[in-house]
């Protein structure tokens, strides 16, 4: 009952987002199983940084940039560590994921698009039916990031590493340049960071 009430309130009062209509596709049983396994892993532990110094440098660089979106410092730190962990776990650049969140939801945890996509990474509810379990809440921080990063990784693999096409699939605008370029622009302008581990900290220009 409480969850139903929360969902109704959210649908009434949450800020909307402008995500595209990500397409529901028929997945092979083996793909469904692999994605389900990726989604259902245990809760996020501390992210693994190359060193304590690297961790502190990254957080020192990123925490102030979120001040206007998340006023509470502890909340910002927890959010950033979860982003780093989930991105790293999926083989994604954390800064790229931050750029995607900026474009998808403007860092609004309870954003809902006109197509029904939910949360920070604007995950479509059909993914819960396809690869998750009914008790998973797409407005929950870690759950939303886990789904979003797993889905984007799946699309990158599906497109054989082509980030332009993978981002298009993620947004439901495959082949159009506006969304991929917006994500890369946000990644480059707002979330750039020099690191010794993530190889794609300098985002590519992918205009097409």
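The values are calculated or read from the model by the stated rules, or taken from the named source; none is laboratory data. The structure displayed is predicted, hence computed values, not measured ones. Glycine also receives a Cβ, built like all others from the backbone with ideal geometry; neighbour counts cover every protein chain displayed.
If you scan the range 61-90, which residues turn out to be part of a loop (DSSP other than H, G, I, E, B) and either modelled with pLDDT of 95 or more or more than 30 Å from residue 161 (Cα to Cα) (or both)?
We begin by selecting, within the range 61-90, every residue part of a loop (DSSP other than H, G, I, E, B); these are 67-72, 90.
Once the filter is applied, which keeps residues that are part of a loop (DSSP other than H, G, I, E, B) and either modelled with pLDDT of 95 or more or more than 30 Å from residue 161 (Cα to Cα) (or both), the range 61-90 yields 67, 68, 69, 70, 71, 72.
Which members of the range 81-92 meet the condition of being surrounded by fewer than 23 Cβ atoms within 10 Å (Cβ to Cβ) and on the phi < 0 side of the Ramachandran plot?
If we filter the range 81-92 for residues that are surrounded by fewer than 23 Cβ atoms within 10 Å (Cβ to Cβ), which is where we start, we get 81-82, 85, 88-92.
Within the range 81-92, 81, 82, 85, 88, 89, 90, 92 qualify.
Look through the range 157-173, keep the residues that are in contact (Cβ under 8 Å) with a residue 40 or more places away in the chain and in contact with a helix residue (DSSP H, G or I) (Cβ under 8 Å, 6 or more places away or on another chain), and return whichever of them is nearest to residue 38 (Cα to Cα). Write out each step before concluding.
Applying the first criterion (in contact (Cβ under 8 Å) with a residue 40 or more places away in the chain) to the range 157-173 yields 163-164, 167, 169-173.
So of that shortlist, the ones also in contact with a helix residue (DSSP H, G or I) (Cβ under 8 Å, 6 or more places away or on another chain) come out as 163-164, 167, 169-171, 173.
Values: 163: 20, 164: 23, 167: 20, 169: 19, 170: 17, 171: 21, 173: 25 Å.
Applying the filter and picking the extreme gives 170.
Please state which of the following conditions residue 113 fails to meet, knowing it meets all the rest: (1) modelled with pLDDT of 95 or more; (2) farther than 14 Å from residue 92 by Cα.
With (1) modelled with pLDDT of 95 or more; (2) farther than 14 Å from residue 92 by Cα applied to residue 113, the lone miss is (1).
Can you name the residue in the range 108-123 that is touching a helix residue (DSSP H, G or I) at 6+ places or on another chain (Cβ under 7 Å) and closer than 22 Å to residue 164 by Cα and is also surrounded by the most Cβ atoms within 10 Å (Cβ to Cβ) among such residues?
Ranking the candidates gives 122 first.
Conditions tested, residue by residue: (1) under 19 Å from the mean Cα position of the chain (by Cα); (2) surrounded by 17 or more Cβ atoms within 10 Å (Cβ to Cβ); (3) more than 16 Å from residue 192 (Cα to Cα); (4) free of Cβ contacts under 8 Å to residues at least 12 places away in the same chain.
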| site | (1), (2), (3), (4) |
| --- | --- |
| 35 | yes, yes, yes, no |
| 39 | yes, yes, yes, no |
| 48 | yes, no, yes, no |
| 58 | yes, yes, no, no |
| 61 | no, no, no, no |
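Which one is farthest from the chain's Cα centre (by Cα) among residues in the range 125-147 that are touching a residue at least 60 places away in the same chain (Cβ under 8 Å) and crowded, with 23+ Cβ neighbours inside 10 Å? Show your work before the answer.
First, the residues of the range 125-147 that are touching a residue at least 60 places away in the same chain (Cβ under 8 Å): 126, 130-133, 136-137, 139, 141-142, 145-147.
If we keep only those that are crowded, with 23+ Cβ neighbours inside 10 Å as well, we get 131, 145-147.
Details: 131: 17, 145: 5, 146: 8, 147: 8 Å.
Applying the filter and picking the extreme gives 131.
When you scan the range 120-166, how many residues do you find that are out of contact with any strand residue (DSSP E or B) (no Cβ under 6 Å at 6 or more places or on another chain) and within 16 Å of residue 25 (Cα to Cα)?
Residues that pass the stated criteria total 22.
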